[in-house]
1. If I filter the range 118-137 for residues that are within 21 Å of I196 (Cα to Cα), assigned by TED's automatic domain parsing to the domain that holds Y186 and part of a loop (DSSP other than H, G, I, E, B), do I get at least one hit?
2. Output yes when any residue across the range 12-23 is in a helix (DSSP H, G or I), buried (at least 22 other Cβ atoms within 10 Å of the Cβ) and in contact with a helix residue (DSSP H, G or I) (Cβ under 8 Å, 6 or more places away or on another chain), and no when none is.
3. Residues that are among the charged types (D, E, K, R), surrounded by 13 or more Cβ atoms within 10 Å (Cβ to Cβ), at pLDDT below 95 and in the same structural domain as I44 (by TED's automatic domain parsing): does the range 279-292 have at least one?
4. Looking only at the range 40-89, which residues are assigned to a loop (DSSP other than H, G, I, E, B) and surrounded by fewer than 19 Cβ atoms within 10 Å (Cβ to Cβ)?
5. Suppose we filter the range 6-37 for residues that are in contact with a strand residue (DSSP E or B) (Cβ under 6 Å, 6 or more places away or on another chain) and not hydrophobic (A, V, I, L, M, F, W, C); how many remain?
6. Which residues, counting only those in the range 245-257, are surrounded by 23 or more Cβ atoms within 10 Å (Cβ to Cβ) and not acidic (D, E)?
7. In the range 182-205, is there at least one residue being assigned by TED's automatic domain parsing to the domain that holds T158, aliphatic (A, V, I, L, M) and in a strand (DSSP E or B)?
8. Looking at D92 and the list (1) among the acidic types (D, E); (2) surrounded by fewer than 18 Cβ atoms within 10 Å (Cβ to Cβ); (3) in a helix (DSSP H, G or I), which single condition is not satisfied?
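The values are calculated or read from the model by the stated rules, or taken from the named source; none is laboratory data. From a predicted model like this one, the values you see are computed outputs, not experimental measurements. Quick reminder, even Gly has a Cβ in these numbers, built from the backbone with ideal geometry, and neighbours come from all protein chains shown.
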Amino acid sequence: MANDYVRIFDTTLRDGEQSPGATMTSGEKLEVARALARLGVDVIETGFPAASPDDWKAVQTIARRVGDAPIPGRPSAEPPLICGLARAHEKDIQRAWTAVEPAAHPRIHTFIATSPIHREHKLRMDKAQVLERIKKMVGFARSLCEDIEFSAEDAGRTELDFLVEAVTAAIGAGATTINIPDTVGYTTPDEFGARIAHLVANVPGIDDVILSVHCHNDLGLATANTLAGLKAGARQAEVTINGIGERAGNTALEEVVMALHTRRAMFGLRTGVDTTQLARMSKLVSTVTGMTVQPNKAIVGANAFAHEAGIHQDGMLKHTETYEIMRPETVGAAQTRLVLGKHSGRHAFAVRLRELGHAIEGEELDRAFERFKALADKKKYLTDADLEALVASELYQAAPLYTLDGLQVACGSMGLPTATVRLVGPDGHTHVRAAVGTGPVDATYKAIDGVVETECQLLEYLVQGVTEGIDAIGEVSVRIRGQSEDTRVTAQGQAQPWVFHGHGADTDIIVASAKAYLGALNRLLQASAQSPEHTGEDELKVGA
């Protein structure tokens, strides 16, 4: 591989999913993995197979269906590397291998903490024990798989001399990629770049492996640190779509890719990513995770290519480069208007969805087309934004236990806001409830609660218009927490409360609100139905 090529290692499905409330179903993970493959990423970290049976199944499904053959529309002819994360324990590593083995290009990614604070307080191990564990577990992983990545967790706060020892031990044991994470987002670009340069200069055999960087955004420096690491010699960047991830998130894929693309003369580096797919990739991940992209987000935010100031508008009318360093179409953000309406056929609809990156067929396409026709009866024409909202609302939801079959609301300044809902339950029976609330949404949610008898707390309710005009489609995202002591366990063995999101879109914002709330409730009910042994908590106790 050319020395100017930077591998893009996407961990949206693993580190990104660890954002509270961003948990994805197996089906959603598969859809995101397919989109990442079409985008052109080199490595997809698909999950943490030891966490639960469902996570293992999702990783193996992606290995079989995404990682074993070329993907139509993918820039590279080869399928992406499929990676599974494992702690430096035989059981984790074995579990990861059985999940990724079906892929044409499998990778095991194993890690152990190396910083003083982690060695003392988390691992309760000294330097010699950590080095011994690295040699033994990297060696074990290499006996199973040819492609092994080793990460020195919290490398940003690890003594440089010991970091050199740890990396040297991993290379000696058979690691083919060495990852240097700034796990807690502590370093600055100068510090992090110098750390990478020190490893390049002092680790024997470093030229025979790929050096990788994985930066978190706790101080808002994740992208700057990643670019500093690449400039110092790293040739793999670990990123997530929209920068989602633990705490303040990870380095954003779109920011690193476009920085290298826009400033090619400065960095002299390139990637294999198709930048024109970045905007729709961002939308897909935002929908399936329920994490809305802030309007001023670099590259993919709604305002990234918007100009309001008079001076800016005047400059843009004279020459676009006065205030834009990249064109919106470069990242797929062009506002193309598409003449699709109630007279459009199924084939034209399917072709445009494929052009937008949604390769759906069969029953899924039938459902989407039926919904398209219903919307087309309400609107004169449908734009690409309408189609994106439609597909997101109908296809990227949890498998329905309860579905909305009807909704009627009475509200206004006179009288009490009242809602009547008709739901179809998992038994196929129809349930009707009415409720009074402080407003139409509150009344609707209380009526739904009367049918779906489960306790939960509404944490967040967000509504936005996603298209133009008075007949615009409204999009609603909600986030709820179940009233229980259940928690999920992260790759670091930390317990987090279960938070569930739902998404809905409709020309009627109250209907969209009901769909979003039901989507979140369906996720909560599915998680509650899993038996305790599926949480993986017993398997994930961290320590020697």
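1. Scanning the range 118-137, I find no residue that is within 21 Å of I196 (Cα to Cα), assigned by TED's automatic domain parsing to the domain that holds Y186 and part of a loop (DSSP other than H, G, I, E, B), so the answer is no.
2. yes
3. There is no residue in the range 279-292 that is among the charged types (D, E, K, R), surrounded by 13 or more Cβ atoms within 10 Å (Cβ to Cβ), at pLDDT below 95 and in the same structural domain as I44 (by TED's automatic domain parsing).
4. D68, A69, P70, P72, G73, P75, S76, A77, E78
5. Adding up the residues that qualify gives 9.
6. G245, N250, T251, A252, L253, V256, V257
7. No, the conditions are met nowhere in the range 182-205.
8. Unmet for D92, out of (1) among the acidic types (D, E); (2) surrounded by fewer than 18 Cβ atoms within 10 Å (Cβ to Cβ); (3) in a helix (DSSP H, G or I): (2).
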